[in-house]
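The values are calculated or read from the model by the stated rules, or taken from the named source; none is laboratory data. Remember, predicted model here, so these are calculated numbers, not experimental data. Cβ atoms come from the backbone with ideal geometry, glycine included; neighbour counts cover every protein chain shown.
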4 protein chains.
Amino acid sequence: MSARTSLAALNAAPPGLFAAFAADLFAGAAWVGERAAAARPFATLAALHEGLMAAATAAAPAERRALIGGFPDVAAEAAGLTDEEAAALARSAAAYRARHGFPCLICTARHGPEAILAAVAARLAGPPEAEEAAALREIGHITRLRLLDRVEGPGAPPAAGRLSTHVLDTHAGRPAAGVALRLFALDRAGRRLLEARTTNPDGRTDAPLLHGAPLRTGRYEIEFDLGPYFRARVDAGIATLFLDTVPVRFGIDEPEGHYHVALIATPWSYTVYRGS
Amino acid sequence: MSARTSLAALNAAPPGLFAAFAADLFAGAAWVGERAAAARPFATLAALHEGLMAAATAAAPAERRALIGGFPDVAAEAAGLTDEEAAALARSAAAYRARHGFPCLICTARHGPEAILAAVAARLAGPPEAEEAAALREIGHITRLRLLDRVEGPGAPPAAGRLSTHVLDTHAGRPAAGVALRLFALDRAGRRLLEARTTNPDGRTDAPLLHGAPLRTGRYEIEFDLGPYFRARVDAGIATLFLDTVPVRFGIDEPEGHYHVALIATPWSYTVYRGS
Amino acid sequence: MSARTSLAALNAAPPGLFAAFAADLFAGAAWVGERAAAARPFATLAALHEGLMAAATAAAPAERRALIGGFPDVAAEAAGLTDEEAAALARSAAAYRARHGFPCLICTARHGPEAILAAVAARLAGPPEAEEAAALREIGHITRLRLLDRVEGPGAPPAAGRLSTHVLDTHAGRPAAGVALRLFALDRAGRRLLEARTTNPDGRTDAPLLHGAPLRTGRYEIEFDLGPYFRARVDAGIATLFLDTVPVRFGIDEPEGHYHVALIATPWSYTVYRGS
Amino acid sequence: MSARTSLAALNAAPPGLFAAFAADLFAGAAWVGERAAAARPFATLAALHEGLMAAATAAAPAERRALIGGFPDVAAEAAGLTDEEAAALARSAAAYRARHGFPCLICTARHGPEAILAAVAARLAGPPEAEEAAALREIGHITRLRLLDRVEGPGAPPAAGRLSTHVLDTHAGRPAAGVALRLFALDRAGRRLLEARTTNPDGRTDAPLLHGAPLRTGRYEIEFDLGPYFRARVDAGIATLFLDTVPVRFGIDEPEGHYHVALIATPWSYTVYRGS
């Protein structure tokens, strides 16, 4: 981060340096930068990325194939897999390469392990042209994140998602403050704690549960401790509360989306919805 | 069941036989029946049970103590505990007997393992008079169930709870038919499948999830498979659905209560409440 | 009502009497009964009605036209219109007859005034064949109600709708008993009180709000007096309640449908849905 | 507005000018300013107002009575009443003055006509000491608003409420954009349109429905045109929609409160709650 280049410096750089910058993003393909250099200056980071991708997409078929071939396949990038899953993924990735002649590219920062396994399985059987287009789309995602990591300047393209929550107490007609909650990532093997928070006086968490990066697609769960919250406010003389820890299980499908998971609760009812 | 006596036969029985019947319910205390016999005929099963309990409660202190002492303590009755929990319960039950001079009685058909452990812990420190009253209440619960098991006739006292559910699809404005759901009992060790059902055209299960016996107090979870239901009806082109399996976790506190757990859902929201 | 014929008697009646019965339903067209008589005996009221309608539908074009022409047009049947609306309806009905050569038939027991005005306006421009089919469908509705009014027997065809309600208090986790509510029919001119009720201990009305006849399509409103209900239970020290009288406005589109309007409420929130 | 004094200028003003400023707020009572002047400088507008009110409250009983007597009574201030209501209010205000010996003060910018009539009726019978305290509280509200109108500077005391709304479409899982809505003030005579808006892409109105001033306590209604919104998105082949214009009726009790009225809707259901 400390060594990020400025957009202005890139716009003013000699063509050779601009090409070297592009090569760093595009798996060594300096020609992407050579061809995009003439379109400078780029007013925004988004325009810079679009300019580079336009050069990559307009290349001759053989160049495009070589570009795709320069990126590491998904099996080399995916993290968080069990040994069995990693082995299965390696087999699928090899089969993909054998069938299509280029590596199976997926921007693994945007998807959870299960979604990656499902995506590779689905794409294995796709028609070659569609797969070449898919590979270029994934290169777009990969290089966008690399670019934002290396360059600073105005007009960044959207590359981060957000997960937030809000708890309302409609028993008392106010935000539910002081509710402990935990966010988990779910997969077949079980669940993994990502965040533990407590709601503030507005019933929200001080910062979003997830933000500043793409959301990894997959299944999640938030556990809300409504029991202690209402126990402290409503003396109902009940040994076993109707609602105690309330689990809310949901899926994330848009890595750059905003997922607002609202919970509106009383001791006897609750409503969950994807809000905004 | 096949050998159940009729209320009419009990009303007409010689006093000795009626006393023997009472002895069977009241841990050998034939005197309960001897004293209640004069109040016959009882018009209903509820009145029969109340007559017997009135005789038991009106007894001299020493008799009452002897009656309580005749029932097996909770450690001998509780089922579904781990070895560790059983050992802890045995220790608590022994401490209770040492402190109060009579066994800790709990009608274990009305409570789950965790609720029993919590109840014994809470009652261990209670004042002796309150505990004697609590023991008589539990004898009332225990003998009510025994009586209903052995006698048939009109006017049975309420001794069964009911757990039902209803799934509504407010995306389409109709009952959600064909939704698979599973009911689990929860405890610290995990969860245990009790029932697996599918909703009928009215969005309900053909029979209640639980009925015909007291509900065991404790925590439960129903998993509703909304994902397949909406996937088949709404083509949203979504790889990872927002709502797929929806877990609803709730507590049961009234063994003879009616718990109706309603779920009103769309692909993006749901409402849960204790209905009627 | 007292003079209703039995299905058995109709099945056994001489052909002439059966034809007279049909003539009474079908605006004097005894031939409908003459042709349907041979299909007797009919096992159910629904089969009887279907048999008569089959004879009517299978008639030669000129006969069918004559049959349609024998029914009074909608302008003669519609009730509850203002003078202006009645005049407009009469003009539309005359235009319809001029265009199609037969009266505009609508079973007015199944639709409210606004829905009738809208339907005539929509049908005025319809193609003649579609209008002839529509007229026969309306004759089906009209004669079904007449038949049920005059004949008793098993297997009545569905000819009644139902409007019911249910109020749940999720502040306390129980049905909301003693809530006053009022049902109004809405139209452009204002609203008309149809029913005033109070919820029973189960949070429902003792009888459905509407039942035993087709529901008239149109717009309705129920006012629920939540304010007094919660004021008596929750002392919030509030001069002006957040929720006091809660209006729920809804449309009925299916005359033979079941509309269950559920209200789940706290002093600070409520949920309305079409239930089942 | 253009002629607002700065807090700094007031802090630096000669005592005579500061007293004149206070006299303008406090119905001619320059002594309030004379006594508060020594506490200058005030760091915030809130502290200035508190300083003035402290001087007013600490005055001798006769001075306090004279101060209260200098303000016009509620009958002279209330607006938006029918002739009948104004006459009734004048009678009540005269009775109040006869009973308590000072005018009935209410900051009419904070309450709607019905709430004012109810408040005067309730206060007429109050004990004199409580009424003197109530009068001083109302002087606090009246002078706070006058002060904010005449002085600019940091740290303004809260003197404005806010009414906002948000419409979510849980049929599609997104904010409901383009929904027309209308806000009305309700009273016994009927309703009066205050605002007509349309939701923006986030399902909210661009500016709050009410803000920048106290909310007048009373009853309100928002009509949301859900019918056209869903009609354009969901082709259900329905002549009379279940939900068309949805009225939400609610009360405002806290003039400086934030009322967020959320509507979460499908074509078949909706949830309303006071959010945050």
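Pairing each residue of segment A:34-56 that is closer than 18 Å to A:ASP149 by Cβ and touching a residue at least 60 places away in the same chain (Cβ under 8 Å) with any residue that is among the aromatic types (Phe, Trp, Tyr) and crowded, with 19+ Cβ neighbours inside 10 Å, provided the two are 6+ apart or on different chains, yields C-beta distances under 7 Å for A:LEU48/A:PHE42.
Can we say A:GLU138 is under 20 Å from A:ALA36 (Cβ atoms), touching a residue at least 24 places away in the same chain (Cβ under 8 Å), within 19 Å of the chain's Cα centre (by Cα) and in a helix (DSSP H, G or I)? Spell out the reasoning first.
On the way: under 20 Å from A:ALA36 (Cβ atoms): yes; touching a residue at least 24 places away in the same chain (Cβ under 8 Å): yes; within 19 Å of the chain's Cα centre (by Cα): yes; in a helix (DSSP H, G or I): yes.
Yes: the conditions hold for A:GLU138.
Report yes if some residue within segment C:181-194 is at positive phi, at pLDDT below 95 and either under 22 Å from the mean Cα position of the chain (by Cα) or not assigned by TED's automatic domain parsing to the domain that holds C:HIS141 (or both); otherwise report no. So far as segment C:181-194 goes, yes, one or more of its residues are at positive phi, at pLDDT below 95 and either under 22 Å from the mean Cα position of the chain (by Cα) or not assigned by TED's automatic domain parsing to the domain that holds C:HIS141 (or both). Checking the stated criteria, B:ARG204 turns out to be within 25 Å of C:GLY257 (Cα to Cα), within 13 Å of another protein chain (Cβ to nearest Cβ) and either among the charged types (D, E, K, R) or touching a residue at least 24 places away in the same chain (Cβ under 8 Å) (or both). For segment A:204-226, the tally of residues that are crowded, with 18+ Cβ neighbours inside 10 Å and touching a Gly at 6+ places or on another chain (Cβ under 9 Å) stands at 8. Within segment D:63-91, being closer than 28 Å to D:ARG35 by Cβ and touching a residue at least 60 places away in the same chain (Cβ under 8 Å) holds for D:ARG64, D:ARG65, D:LEU67, D:ILE68, D:PHE71.
Residues of segment C:49-63 that are more than 21 Å from the chain's Cα centre (by Cα) and either exposed (fewer than 14 other Cβ atoms within 10 Å of the Cβ) or within 13 Å of C:GLY140 (Cβ to Cβ) (or both): C:GLY51, C:LEU52, C:ALA54, C:ALA55, C:ALA56, C:THR57, C:ALA58, C:ALA60, C:PRO61, C:ALA62. Taking the options C:LEU89, C:LEU105, C:LEU117, C:LEU124, name whichever one is at pLDDT 95 or above and either surrounded by 15 or more Cβ atoms within 10 Å (Cβ to Cβ) or within 30 Å of A:LEU168 (Cα to Cα) (or both). Every option except C:LEU105 fails the conditions.
No other residue among A:PRO72, A:PRO15, A:PRO41 is more than 30 Å from A:ALA185 (Cα to Cα) and modelled with pLDDT under 95 apart from A:PRO15. Scanning segment D:229-276 for residues that are among the hydroxyl-bearing types (Ser, Thr, Tyr), at the interface with another protein chain (Cβ under 10 Å from one of its Cβ atoms) and either crowded, with 20+ Cβ neighbours inside 10 Å or touching a His at 6+ places or on another chain (Cβ under 7 Å) (or both) turns up D:THR240, D:TYR259, D:THR266, D:SER269, D:TYR270, D:THR271, D:TYR273, D:SER276.
Within the set B:PRO158, B:PRO154, the sole residue that is under 16 Å from the mean Cα position of the chain (by Cα) and surrounded by fewer than 19 Cβ atoms within 10 Å (Cβ to Cβ) turns out to be B:PRO158.
Reported count of residues in segment C:25-47, each being under 18 Å from C:GLU138 (Cα atoms) and loosely packed, with under 15 Cβ neighbours inside 10 Å, is 1.
So, of the residues in segment B:166-199 that are among the hydroxyl-bearing types (Ser, Thr, Tyr) and away from chain D (no Cβ under 13 Å), which turns out to be nearest to B:SER276 (Cα to Cα)? In this case the residue turns out to be B:THR199. The single condition among (1) modelled with pLDDT of 95 or more; (2) over 21 Å from B:PRO15 (Cβ atoms); (3) among the aliphatic types (A, V, I, L, M) that B:LEU52 does not meet is (2). Cβ separations smaller than 9 Å between residues 6+ apart or across chains give no pair from segment C:119-131 residues that are closer than 17 Å to C:GLY69 by Cβ to residues that are surrounded by fewer than 19 Cβ atoms within 10 Å (Cβ to Cβ) and of a type in the set (Phe, Trp, Tyr).
In segment A:102-119, the count of residues that are out of contact with any Leu (no Cβ under 9 Å at 6 or more places or on another chain) and aromatic (Phe, Trp, Tyr) is one or more.
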